[in-house]
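Right, one structure below, let's go through it.
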Amino acid sequence: MKRFALEIGLAGLLLLTLAAWLLGHNLAGTWVVGCVLALTFVKGQWLIDQFMGLRQAPQWLRWIVSGWLLLVVGMTALFNM
């Protein structure tokens, strides 16, 4: 059962990646950059929680890693808009 959950999680990540790629290559505009970065943030948070195992980690550690992700996505948005 755990393997099935892992496969579902990986399929979800692949779908989010495909959605971001399709948006980025087929459309133009600042709203597209915002959508792609939002999808990137969702994927990153999902990886932090599920695959890095920080859902059960101490809260301060989860906040630090999530803050780093927000900083990277925010700086990317700042320099691409």
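For this structure, a couple of remarks:
- Test result for residue 61, assigned to a helix (DSSP H, G or I) and either open to solvent by 80 Å² or more (accessible area, probe 1.4 Å) or of a type in the set (A, V, I, L, M) (or both): yes
- Considering (1) exposed (fewer than 10 other Cβ atoms within 10 Å of the Cβ); (2) under 14 Å from the mean Cα position of the chain (by Cα); (3) not aliphatic (A, V, I, L, M), the lone condition that residue 34 does not fulfil carries the number (1).
- Among the residues of segment 48-75, the ones that are modelled with pLDDT under 85 and either under 17 Å from residue 16 (Cβ atoms) or in contact with a strand residue (DSSP E or B) (Cβ under 8 Å, 6 or more places away or on another chain) (or both) come to 4 in all.
- Residue within segment 5-18 that is over 15 Å from the mean Cα position of the chain (by Cα), exposed (fewer than 14 other Cβ atoms within 10 Å of the Cβ) and either outside any helix (DSSP H, G or I) or modelled with pLDDT of 85 or more (or both) present: no
- Listed by first and then second residue, the pairs with beta-carbon distance under 6 Å, at least 6 apart or on different chains, first residue in segment 18-29 and closer than 16 Å to residue 77 by Cβ, second surrounded by 11 or more Cβ atoms within 10 Å (Cβ to Cβ), are 20/36; 20/39; 23/32; 23/35; 23/36; 24/36.
The values are calculated or read from the model by the stated rules, or taken from the named source; none is laboratory data. Everything quoted here is computed from the prediction, not taken from an experiment. Virtual Cβ from ideal backbone geometry, glycine too; neighbours counted across all protein chains shown. When the accessible area is computed, the model is the full protein with side chains, heavy atoms only, and any ligands, DNA or RNA have been set aside. Shrake-Rupley method; radii C 1.70, N 1.55, O 1.52, S 1.80 Å.
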